[in-house]
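Chemist: Starting off with a structure, shown below.
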Ligand SMILES: [Zn+2]
């Protein structure tokens, strides 16, 4: 039996499992910030400092521009590239 729960943001949702995650909050969080959660904190901050919080925005930069950001490491680039490709996007050539 699903039971009615209310999350900390006030969403009503039904859940039958013990998982306390609110599906509405999850959906709101994912499109904008989903790919940022793949990154280490310094790389994430590097993008946020530039105001880059969506893949669409990220695709307006070249690989070299992103790599030049303070805090961005080489290991983050493949993750970003994979995230871009999954949305049908790519870095600027
Ligand atoms: Zn919620």
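Chemist: Within the set of pairs 6 or more residues apart or between chains, which connect a residue that is modelled with pLDDT under 70 inside the stretch 24-36 to a residue that is away from the ligand (no atom under 15 Å from the Cβ) with Cβ atoms less than 7 Å apart?
Modeler: From residues that are modelled with pLDDT under 70, the pairs are 32/53; 32/54; 33/53.
Chemist: Could you look through the stretch 9-20, keep only residues that are in contact (Cβ under 8 Å) with a residue 12 or more places away in the chain and more than 7 Å from the ligand (Cβ to nearest atom), and pick out the one that is surrounded by the most Cβ atoms within 10 Å (Cβ to Cβ)?
Modeler: Filtering the stretch 9-20 for residues that are in contact (Cβ under 8 Å) with a residue 12 or more places away in the chain and more than 7 Å from the ligand (Cβ to nearest atom), the one surrounded by the most Cβ atoms within 10 Å (Cβ to Cβ) comes out as 15.
Chemist: Check 55, 67 and return the single one that is surrounded by 11 or more Cβ atoms within 10 Å (Cβ to Cβ), under 14 Å from residue 34 (Cα atoms) and either within 12 Å of the chain's Cα centre (by Cα) or at pLDDT 95 or above (or both).
Modeler: 55
Chemist: Here's a follow-up. Is it true that residue 4 is in contact with a helix residue (DSSP H, G or I) (Cβ under 7 Å, 6 or more places away or on another chain) and not in a loop (DSSP other than H, G, I, E, B)?
Modeler: Considered against the rule, which asks whether it is in contact with a helix residue (DSSP H, G or I) (Cβ under 7 Å, 6 or more places away or on another chain) and not in a loop (DSSP other than H, G, I, E, B), residue 4 comes out as no.
Chemist: Further, regarding this structure: Name the pairs: first residue in the stretch 68-91 and in a helix (DSSP H, G or I), second residue surrounded by 15 or more Cβ atoms within 10 Å (Cβ to Cβ) and at pLDDT below 90, Cβ to Cβ under 6 Å, at least 6 apart or on different chains?
Modeler: Listed by first residue and then by second, the contacts come to 83/35.
The values are calculated or read from the model by the stated rules, or taken from the named source; none is laboratory data. Given the structure is predicted, the values throughout are model-derived calculations rather than measurements. Positions of Cβ are backbone-derived with ideal geometry, glycine not excepted, and every protein chain shown enters the neighbour counts.
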